[in-house]
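Nothing in this text is a laboratory measurement; each read-out follows from the coordinates by a stated rule. The structure displayed is predicted, hence computed values, not measured ones. Glycine also receives a Cβ, built like all others from the backbone with ideal geometry; neighbour counts cover every protein chain displayed.
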Amino acid sequence: MKRINLLSTETSNKIAAGEVVERPFSVIKELVENSIDAEAKNIIIEVKEGGQKYIKITDDGYGIYPEDVHKAFLPHATSKIGNVDDIYSLTTFGFRGEALASISAVSNTILRSRTKDFDYGKEISISGGIVDYVKDVGCNIGTTIEVSDLFFNVPARKKFLKSYQREAALISDIVNRLALANTNVSFRLFNNSKKVLTTYSTENLLDTIRSIYGKTVSESLIQFEKHSDIASVHGYIGNSEISRGSRNNQSIFINKRYVKNKLITTAVEQAFKSFLTINKFPFFVLFLDIFPEYVDVNVHPTKSEVKFRDDREIFKLVFDAVHHDLRNSLNSSYQIEEDYSDVSLGIDNTIFPPAPVTVQLPIDLRPLDNEESRKLPDISAINNNPIEVKEENFKFREEPEHFKTKFSNDKAVLLEEKEKETDTEYKIIPEAKFPMPRVIGQFSNTYILCEGPDGLFIVDQHAAHEKILFEKYREEIKNREVTAQVLISPIVIELTPDDYIYYIENTVVFKNIGFNIEPFGENTISIREVPLILGKPDINGLFMSILDNIKNMGSGETIDVKYNKIASLACKAAVKANDNLSMEEMRVLIETLRFIQDPFNCPHGRPTIIKITLNELEKRFKRIQ
């Protein structure tokens with residue numbers, strides 16, 4: 001066994017800094033919270049290159065006494081608490097005394113501060129945890145801190161930082177949250193000398209929400225509020241029109257501290273479940289004010305996680321508040337039995353019982369070993385006569401004119417027009433993945449029933465068409481052959497600073513998938529062309545869905561993965577459930593499905609085809625044992 005060594009102060013400080021300072025936005029969060037604790041009314045944040053190169057925060061708080069400037073950078077030095085008992089009655093954001101020590105250990109830091117009791121201030125410079133100098137300076141009342149070359153002495157940590165744009169997006173996001181929690185403070189954020197955010201001191205939360213998220217969001221909110229003996233909850237929740245495909249626009253504040261809490265998120269989403277668009281998450285800003293002794297904020301150095309003394313009571317309080325005011329606002333008659341038996345799991349099965357289990361029969365659609373199953377039908381022989389069935393080789397009739405129009409214009413194109421071939425031209429014929437079955441008809445305007453050589457095939461028409469469009473669109477993106485259509489009137493979308501930064505980072509991705517987008521003022525874009533494959537979608541909703549999809553993937557995904565995810569949105573143009581299809585449309589759909597690369601699953605992983613063998617049917621009817 002190796003001998004035990006004591007780590008040097010320098011090493012231990014760097015390790016401790018890694019828990020508090022994860023990336024540039026962590027620095028800004030800690031410093032801005034210090035400014036708020038100092039009762040600042042105006043806070044200016046300036047960053048360059050996503051905060052990796054330079055961060056400057058200026059406030060007009062009460063400042064630091066000259067003799068305490070050096071103490072402020074010592075580990076566990078704090079003015080917020082005096083003993084361990086004070087942790088249970090905290091009213092400030094900071095209290096551990098780790099932020100300044102951790103930040104100065106992994107950067108070059110300069111701090112200037114002055115209190116109203118002095119005519120001059122103090123300036124201190126620290127590089128990598130070592131004090132360079134302390135001197136008297138002239139400065140305004142308040143504190144200014146500059147952090148440059150973050151992680152210059154921890155290259156391993158610096159290597160894992162994201163792009164400048166992504167880091168800037170994270171900074172914008174955390175400043176937005178802090179502004180929501182402190183509406184009485186004016187915030188200004190500048191990125192590379194460009195103004196990103198401005199809020200004004202106000203007592204009205206809606207004014208701050210409008211400054212951050214825009215007019216559309218602020219006008220689509222529903223207020224909720226409820227009180228109990230130990231806590232009060234209040235805030236705003238958005239209607240289904242501003243719901244998004246990610247949880248990025250959900251903010252939870254406990255005693256004005258921004259946290260992430262699965263229990264509260266689940267309570268809000270379950271209360272909103274009956275009013276929510278499928279696969280969308282609600283926008284909400286929630287404030288929970290609770291007595292300090294009923295919540296533990298000392299769970300993690302970042303203070304982004306908390307623990308409640310009574311999870312069940314908090315869940316019930318939040319659920320009741322959101323559901324009651326939503327129901328009244330939307331004038332809904334929806335009723336829920338109020339039982340909270342499984343709160344500890346974050347899921348209330350008595351309110352929303354699990355869906356019944358559906359047993360699906362196994363899929364076995366391997367192509368038969370015969371040459372006929374691999375041949376592409378002879379489209380040149382199309383005529384208006386009824387289909388002739390000869391063994392297992394099925395041929396098409398001429399598609400009716402209305403069918404060509406329907407699938408060419410509204411449902412995108414299922415089959416490419418057959419190119420003219422000469423005697424000397426040869427084409428690679430794709431291999432059919434299963435033999436062409438005989439189409440029997442349509443069930444519930446959703447499922448296509450087919451008779452195969454050894455069983456009954458049930459095809460989900462939406463999933464099948466979705467997969468056809470997915471593979472077609474993916475190949476067009478891969479080969480840079482996406483056809484774009486020009487919009488008669490460009491669509492103008494105002495984005496949040498966070499969303500705009502994500503768009504800028506992925507401009508090439510949007511261009512390659514068929515969008516023509518131009519800047520249109522601050523945090524605003526103008527969409528002039530969209531991919532033709534997507535038919536006539538909701539442009540605004542489609543763009544935001546793609547953006548949410550990219551944000552959820554994170555920076556670790558490759559361009560190819562992003563393209564695959566975007567191609568899966570081609571389902572917007574696919575035939576839907578309850579669409580009535582003619583026999584010819586069903587035959588073309590099945591025939592096209594046979595020759596794609598993977599016909600058995602849709603882009604979301606659901607099966608497109610279910611096979612029921614004759615043997616299984618006879619067992620169901622008790623013909624055989």
**Prompt:** Given a Förster radius of 51 Å and the C-beta distance between Gln597 and Lys262 as r, what FRET efficiency does 1/(1 + (r/R0)^6) yield to the nearest 0.05?
**Reply:** 0.85
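Multiply the residue gap between Asn184 and Ser489 by 0.36 nm, knock off their C-alpha separation, and tell me the result in nm, one decimal place. Please report the intermediate quantities before stating the final value.
Values: separation 305, 0.36 × 305 = 109.80 nm, distance 4.05 nm.
Contour length minus Cα-Cα distance gives 105.7 nm.
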**Complete:** Amide H contacts under 5 Å for Ser201, restricted to residues at least 5 apart in sequence or on another chain and with H modeled in the peptide plane, are Ser186
**Prompt:** Once both labels are modelled 7 Å past Cα along the beta-carbon direction, what's the Asn153-Leu617 spacing in nm?
**Reply:** 7.8
**Prompt:** For the range 104-113, in order, what is each residue's ³J(HN,Hα) by Karplus, 6.51 cos²θ - 1.76 cosθ + 1.60 with θ = phi - 60°, in whole Hz (x at glycine and Pro)?
**Reply:** 5, 6, 10, 7, 9, 10, 10, 10, 10, 8
**Request:** Determine ³J(HN,Hα), in whole Hz, for all residues of the range 38-44 in sequence, where each value follows from phi through the Karplus function 6.51 cos²θ - 1.76 cosθ + 1.60 and θ = phi - 60°; x replaces Gly and Pro.
**Result:** 7, 6, 6, 10, 9, 10, 10
**Message:** Can you list residues from other chains, or at least 5 along the same chain, whose modelled amide H is less than 5 Å from the amide H of Arg244?
**Reply:** Phe281, Phe283
**Karplus 3J(HN,Hα) series, Hz, for the range 522-530 with 6.51 cos²θ - 1.76 cosθ + 1.60 (x for Gly, Pro)** = 6, 6, 10, 10, 10, 8, 9, 9, 10
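State the extension gain, in nm to one decimal, for the chain segment bounded by Lys53 and Glu305, taking 0.36 nm per residue of separation less the distance between their alpha-carbons. Mind showing how you got there, number by number?
Numbers: separation 252, 0.36 × 252 = 90.72 nm, distance 2.87 nm.
Full-extension gain reported as 87.9 nm.
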**Asked** Computed FRET efficiency, Cβ-Cβ of Glu475 and Leu532, R0 22 Å: what is it to the nearest 0.05?
**Response** 0.95
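Let's test the formula: R0 of 22 Å, r as the Cβ-Cβ distance of Lys71 and Asn140. What FRET efficiency results, to the nearest 0.05? Walk me through the numbers on the way to the answer.
Values: r = 22 Å, r/R0 = 0.99.
Efficiency, rounded to the nearest 0.05: 0.50.
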**Asked** At Ile130 and Lys273, where each label point lies 7 Å from the Cα along Cα→Cβ, what is the point-to-point distance in nanometres?
**Response** 5.9
**Message:** With the crude spin-label approximation of a point 7 Å out along Cα→Cβ, what separation in nm comes out for Lys511 versus Gln625?
**Reply:** 7.2
**Message:** Can you sort Thr266, Thr109 from fewest to most other Cβ atoms within 10 Å of each residue's own Cβ?
**Reply:** Thr266, Thr109
**Asked** Given H placed 1.01 Å from N in the peptide plane, which residues other than close sequence neighbours of Lys53 have an amide H under 5 Å from its amide H?
**Response** Lys48
**Sorted by Cβ neighbour density within 10 Å, fewest at the top, the residues His234, His462, His227, His323** = His227, His234, His462, His323
**Fill in**
Put in order of increasing Cβ neighbours within 10 Å, starting from the fewest, Met544, Met583, Met436 give Met583, Met544, Met436
